[in-house]
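The values are calculated or read from the model by the stated rules, or taken from the named source; none is laboratory data. Predicted, not measured: the structure shown is a model, and the values here were computed from it. Cβ: placed from backbone, ideal geometry, glycine included. Neighbour counts: every protein chain shown. Just so you know, the surface numbers come from the protein's heavy atoms only, side chains and all, with ligands and any DNA or RNA stripped out. Shrake-Rupley method; radii C 1.70, N 1.55, O 1.52, S 1.80 Å.
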Amino acid sequence: MMYKIKPNDNLTKIAKKFNCSVELIMAFNPTIKNPNHIYVNQLIKIPNLEDVPGPIIISETTDVSLFMNRAKSAIGKGIRYKLGSGGMKPELNLPTADKKCDCSGFVCWVYKISRKTDIPFYQKFGGWIFTDSMEADIKSASGIFNKIETPEVGCIVVYGAGNKIGHVGIVSEVKNGKMTKVIHCSSGNDRKFNDSIQETPPSVFNRPDILWGRFTDLI
């Protein structure tokens, strides 16, 4: 499982939380060279149950409603669409400090991660989280999104750029196994509502190459 470092965390505290050793955590995270050099929002791997003998403490994942409430809080705030903007400072109360954002920046902000990241999977993309890299993440066995075959509230729906611009949003309503509403930041929303972040029917995602991905974590 993946664990996101919180303020005041250290490897000794995390090891105790999961009933394993600092050495074992470092063995599963070779990028950690010094146990005292970890940082807030860093994602580290915690060994699976079968990898560690003895009792394990299982923590609850973050309730999806927290992410959905965060996504909905950005609707109606007059944020305009600008490609490549937003999502750099997840600690903000809105996805952007300058009222400009795009779809990837919005999604990163909702999940409380920066679109410019040190997550190992994304280094092949220059450390950037965007539609193409999220699509590749879902298709891979690593990264921060797990591929799912049917949509669920709180997952992402994404398609890559191809010859045009890709798009990503967060599924906000599912009925009878089908997504019926998506919260997303788009130029189309901007033109229609003068506000790029909206909850809409998923018509823009009605295409055969979409993927759904469940965000891993978040303890």
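Annotations for the structure displayed:
- Within the same chain, lysines fewer than 8 places from residue 147 are excluded, and of the rest, those with a Cα less than 24 Å from its Cα are 4, 45, 72, 112, 116, 124, 139, 164, 175, 178, 181.
- Surface accessible to a 1.4 Å probe, per residue, for the residues of region 1-40, Å²: 63 Å²
- Options (1) 130; (2) 145; (3) 105 - which one matches volume of the Cα convex hull per residue in Å³ as calculated here: (1)
- Charge tally for residue 81 (other residues, Cβ to Cβ under 14 Å; Lys, Arg +1; Asp, Glu -1): +3.
- Percent antiparallel among DSSP beta bridges (both partners in the chain, rounded to 5): 95 percent
- Cα gyration tensor category, rounded, prolate or oblate, for region 117-206 with a/c compared to 1.5: oblate
- Surface composition of the chain: carbon and sulfur atoms hold 53% of the protein heavy-atom accessible area at a 1.4 Å probe.
- Dipole moment magnitude, nearest 20 debye, region 126-184 about Cα centre, only Lys, Arg, Asp, Glu C-beta charged: 160 debye
- Sorting 107-115, 10-18 by their mean Cβ neighbour count within 10 Å, with the most densely packed peptide first, gives 107-115, 10-18.
- Total formal charge among the other residues, if their Cβ is under 15 angstrom from that of residue 141, Lys/Arg +1 and Asp/Glu -1: +3
- For residue 167, residues with placed amide H under 5 Å, excluding near neighbours: 159
- When +1 charges are put on Lys and Arg Cβ atoms and -1 charges on Asp and Glu Cβ atoms, the dipole computed for region 84-190 relative to its Cα centre reaches about 60 debye.
- Global geometry of region 157-214, whether rounded, prolate or oblate, following the gyration tensor of its Cα atoms and the 1.5 cut on a/c: oblate
- Taking amide hydrogens as placed 1.01 Å from N in the peptide plane, the amide H of residue 115 sits under 5 Å from those of 88, each at least 5 positions away in sequence or on another chain.
- A simple spin-label model places the labels of residue 209 and residue 161 1.3 nm from each other, with each point 7 Å out along Cα-to-Cβ.
- Burial ranking of peptide ranges 146-153, 89-96 (average Cβ count within 10 Å, highest at the top): 89-96, 146-153
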